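Note sheet for the following structure.
The values are calculated or read from the model by the stated rules, or taken from the named source; none is laboratory data. Predicted model, so just to flag it, every value in this text is computed and none were measured. Counting neighbours? That spans all protein chains shown, and the Cβs are built from the backbone with ideal geometry, glycine included. Calculation scope for accessible area: heavy atoms of the full protein, side chains included, ligands and nucleic acids excluded. Shrake-Rupley method; radii C 1.70, N 1.55, O 1.52, S 1.80 Å.
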Amino acid sequence: MGRETRARIDLTALQHNFTVAAERVPNARVMAVVKADGYGHGIEAVAGALAGHTERFAVACIEEAQRLRKAGISQPVVLLQGFHQAGDIASCCELQLEPVIHSGQQLNALSSTPPDQPLRIWLKINTGMNRLGFSPSAADQVIALARSISNVTLAGLVTHYACADDRNDDFSQQQNDVLAAISRRYPELEISAANSAAHFRDELDAFDWTRPGIMLYGATPMTSQSARELGLKPAMSLESVITATRMLAPGESVGYGASWRAESETLMGIVCIGYGDGYPRHAPSGTPVWINGQRTATIGRVSMDMLAVDLTPVADAKVGDPVELWGQHIPVDEVAAHAGTIGYELLTGVTARVPRIYNGV
Ligand SMILES: *Cc1c(COP(=O)(O)O)cnc(C)c1O
């Protein structure tokens, strides 16, 4: 019944990808990053599938952490951007969240109103990303201040790489070395630097905890290697069906702006998915789709609720046939490349209209 557009989520692929991450860094532990609704896969289901594998989860904000606790997740949860309001400190204690403190304002809020229960925190060191974090030259002072706050335990230090996705960059090594130098003065602190991409950069330290996100979902973190080449399996298949077909005569156009015209007689199919579902409107004619075991492509502009595809190369295509927009056969990264973006944006952009259907446990 209803519209047959859905995101099929393979939870065993997620577990496989976690194992790939863990095997890349045998001397470190892996915290699973499940922010942005588990990169669009559904945070509760993703965390449930990984709960037996990971000792820690990481999310961007307290609202996401609250969903994990409501779902019965018991591991510590790291808040990658710390807290935003002083009132959140009590919630962090209550929910066993570990905020990453990145600014003087956050640290002052904590020291002026220390928590009345134990709280573990991390400090973010800015090694070159230049978004958040304390400067390396302030590290000693900030560490001392954090340690002076009653009920607060400093768990460790965090940094984030700017260019780890590029195999040839040397900036990551510089960032790595800045953090390693601080770490040598504080061997008792746990250190966390690696995002997904850094798992594939053997020259970088894994340190104590890595923080993979995108690779868990089976999209590539690298600019020049596919997910498949990295041994990752796609966790999401975005699927819909053909809802109408039409034979276009040479010269006839399809859709808004009449941006695409048939050069020869073309069997066109309308697929029941559009940018209202999170399929990127920027995907141009020629973006691959998978129908009846055959790769074909979109034609014309993506509408809110539908898009058009070329069925000419597809044998026996008819209304009701299933269509894969991305997943097992069409890597999300390939669609993203056509649309001028990255897999991250497409996965997190699948809208609430699309039901998530879970396979595997
Ligand atoms: C999102 C995020 C990650 C995970 O990054 P991926 O590229 O998805 O692996 C790790 N650390 C921080 C601080 C993040 O914000």
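Summary of values
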read-out	value
Accessible area of H329 in the full protein assembly, 1.4 Å probe (Å², nearest 10)	80 Å²
Modelled FRET efficiency - R0 56 Å, C93 with R295, Cβ distances, 0.05 increments	0.60
Rough spin-label spacing in nm, given labels placed 7 Å along Cα→Cβ, for E23 and T351	4.0 nm
Fraction of accessible area attributable to carbon and sulfur, the chain (%, probe 1.4 Å)	50 percent
Projected-area average for region 295-337 over all orientations - Cα convex hull basis, square nanometres	3.7 nm²
Cα gyration tensor shape for region 224-361, rounded if a/c is under 1.5, else prolate or oblate	prolate
Area of C163 that stays accessible when all protein chains are in place (1.4 Å probe, Å², to 10)	40 Å²
Max mean-square fluctuation residue, GNM over the chain, Cα-Cα springs under 10 Å, options V241, V254, V78	V254
Shape of region 173-237, Cα gyration tensor, a/c cut at 1.5	prolate
Region 141-206 - charge dipole about Cα centre, Lys and Arg +1 at Cβ, Asp and Glu -1, debye rounded to 20	380 debye
Label point distance in nm, H329-S103, each placed 7 Å from Cα along Cα→Cβ	4.8 nm
Förster-model FRET efficiency, 30 Å R0, D170 and E229, C-beta, rounded to 0.05	0.85
Loop sites in region 228-306: GluC sites (Glu not before Pro), DSSP, at most 14 other Cβ within 10 Å	E229, E263, E265
Magnitude of the charge dipole, region 218-361, Cβ model with Lys/Arg +1 and Asp/Glu -1, debye to 20	220 debye
Computed [θ] at 222 nm, helices only, for the chain once each DSSP H run of length n ≥ 4 contributes -39500 (n - 2.57)	-7000 deg cm²/dmol
Cα centre as origin, Lys/Arg/Asp/Glu Cβ charges: the chain dipole, Debye	500 debye
Region 288-355, accessible area per residue, ligands and nucleic acids excluded (1.4 Å, Å²)	43 Å²
Extended-chain gain in nm, criterion 0.36 nm per residue less alpha-carbon gap, R131 and M247	36.5 nm
Kirkwood hydrodynamic radius over Cα pairs of region 109-219, then Stokes diffusion coefficient at 25 °C and 0.890 mPa s, in µm²/s	165 µm²/s
Kirkwood-based shape ratio for region 124-178, expressed as Rg/Rh from alpha carbons	1.07
Evaluated over the chain, the Cα radius of gyration and Dmax, each in Å	23.2, 77
Å² per residue, accessible surface of region 1-120 at 1.4 Å	43 Å²
Charge dipole (the chain, unit charges on Cβ, about Cα centre) - positive-most of L204, H16, H102	H102
Fraction of antiparallel bridges per DSSP, the chain only, in percent to nearest 5	50 percent
The chain: relative contact order in percent, alpha carbon pairs under 8 Å with at least 6 residues between	18 percent
Rounded, prolate or oblate (a/c below 1.5 giving rounded, otherwise prolate when a/b exceeds b/c) for region 256-321 by Cα gyration tensor	oblate
